[in-house]
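Everything on this sheet refers to the single structure shown next.
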Amino acid sequence: MINLPNLRFNVVLAPYSTYQIGGKADCFFVASTKEELIKAVREAREKSIRYFVLGAGANVLFSDKGYRGLVIKNEARGIQFYNDRVTAESGVMISNLIEEAKNRNLSGLEHFAGIPSTVGGTLWQNLHFLSPDRTETIFIGDILKSSEIMDENGNIQNVNKDFFNFNYDYSILHDRNLLVTEATFNLARRDKELIKNQIEENLKWRNEKQPQLDQFPSCGSVFKKINGIGAGRLIERVGLKGYTIGGAKISEKHANYIVNTGGATAQDVLSLIKIIQDKVETETGHKLQPEVGVVGEI
Ligand SMILES: Cc1cc2nc3c(=O)[nH]c(=O)nc-3n(C[C@H](O)[C@H](O)[C@H](O)COP(=O)(O)OP(=O)(O)OC[C@H]3O[C@@H](n4cnc5c(N)ncnc54)[C@H](O)[C@@H]3O)c2cc1C
């Protein structure tokens, strides 16, 4: 038996993913503090229970059959500022951190405005967005100073940013069974108004170019970037924009987004992913790799 307070059973996962898709998890635990998060992971490991640490659910597709094991929803949300640095627990939403930093005239995080993510998720993904002049990509790994993690043996360690081997859509978290418990970012002093303007510009840009979650649940870009060629442009080139299976549709606004138009199943999304991969490879020779992680039984 899992020894965690307020453990819930047979919990539908759809509301915990930005896709609004997914069957039931056998067990579901909300960790409200860093200590609870660590305890839950230790408990699952000790009892050899399969577990999944869930942040904002913005880069996962839960399967229709759900998850046989324990989903640990990370809501550890402590934030501490010290001079020009901020240390945040891994369940802090990046949107909250951006707001808190802006209110203290601290810059560096505003480039990621409008992206749904917890701090833990940002390090998994090496969160990225375009620079203000839109000529380069800015990565969150570049402003990471250090992070507290729990390793495979349950040891808590402080590691620096090099530990993560950050790359595009990649960090070491993809290859090792590590838990991020908190992260410290280096920020820079900047006028609050300038930070606010940057946030607004980024939100406007996103609103113009990408389907918005309140109308079109999605996981953001489905496929990884291919250097020099946008995955979205390849999908558009093979004529798949707007193509629909069940409730899942290749967005008219941004072809690298598959949106849930209402009632989509994970199977609808996976079928679209397969059709896109096959058609793009046959017609252009490019192999598209999904960025989104499929979680649960297929
Ligand atoms: C509308 C939309 C727009 C997006 N735009 C962008 C964008 O511009 N740039 C970009 O980079 N991404 C973008 N994304 C993708 C997504 O926001 C990121 O991948 C984000 O970092 C996911 O964070 P999360 O907290 O939701 O992680 P989840 O989706 O909950 O989890 C993702 C993975 O991280 C692991 N994980 C989460 N927390 C921890 C932790 N504490 N320790 C160890 N592992 C952990 C999970 O186990 C899982 O494997 C977008 C997504 C959406 C829906």
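Nothing in this text is a laboratory measurement; each read-out follows from the coordinates by a stated rule. Here the structure is a predicted model, which is why all the values come from computation and not from measurement. Ideal geometry is used to build each Cβ from the backbone, glycine not excepted, and the neighbour counts take in all protein chains shown.
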Handout entry: Likely footprinting exposure, Asp84, Asp162, fewest C-beta neighbours within 10 Å first
Key = Asp162, Asp84
Exercise for the section: Express in % the proportion of alpha carbon pairs of the range 155-226 at distances exceeding 19 Å. Expected result: 62
Exercise for the section: Enumerate the whole-percent occupancy of each 5 Å bin, from 0 to the last occupied one, for all C-alpha pair distances of the range 189-250. Expected result: 4, 13, 16, 21, 18, 11, 9, 4, 3, 1
Problem - GNM top mover of Phe112, Phe28, Phe129 - the chain, alpha-carbon springs below 10 Å - result: Phe129
Problem - Alpha-carbon centroid distance for the pair the range 225-298 / the range 112-131, whole angstrom - result: 21
Fill in the blank from the handout: Going residue by residue through the range 168-179, the Karplus relation 6.51 cos²θ - 1.76 cosθ + 1.60 with θ = phi - 60° gives ³J(HN,Hα) values, rounded to whole Hz and with x marking Gly or Pro, of 5, 6, 9, 8, 4, 4, 5, 10, 10, 8, 10, 10
Problem - Proportion of all alpha-carbon pairs of the range 231-295 beyond 16 Å (%) - result: 39
Practice task
Could you work out how far the C-alpha centroid of the range 30-82 sits from that of the range 157-180, in angstrom?
Solution key: 17
Problem - Residue-count net charge about Lys65 - beta-carbon cut-off 10 Å; Lys, Arg +1, Asp, Glu -1 - result: 0
Problem - Sorted largest first, extent of the range 8-74 alpha carbons per principal axis (Å) - result: 29, 21, 18
Completion exercise
Within the under-9-Å Cβ sphere about Lys161, not counting Lys161, Lys/Arg +1 and Asp/Glu -1 give a net charge of -1
Exercise for the section: Name the residue, out of Val269, Val222, Val238, whose mean-square fluctuation peaks in a Gaussian network model built on the chain with Cα pairs under 10 Å. Expected result: Val238
Practice task
Using a cut-off of under 18 Å, list every residue of the range 52-90 whose amide N is near the label point 7 Å from the Cα of Glu100 along the Cα-to-beta-carbon line.
Solution key: 55-56, 74-90
Practice task
Tell me which residues come under 5 Å, amide H to amide H, from Ile138 once H is placed; ignore anything under 5 positions away on its chain.
Solution key: Phe129, Leu130, Ser131
Handout entry: Value of Rg to Rh for the chain (Rh from inverse mean 1/r over Cα pairs, i.e. Kirkwood)
Key = 0.96
Exercise for the section: For the range 58-156, would you read off the P(r) tail past 16 Å as a percentage of all alpha carbon pairs? Expected result: 63
Fill in the blank from the handout: The long-range amide H neighbours of Ile226, using H built 1.01 Å from N in the peptide plane and a cut-off of under 5 Å, are Ala231
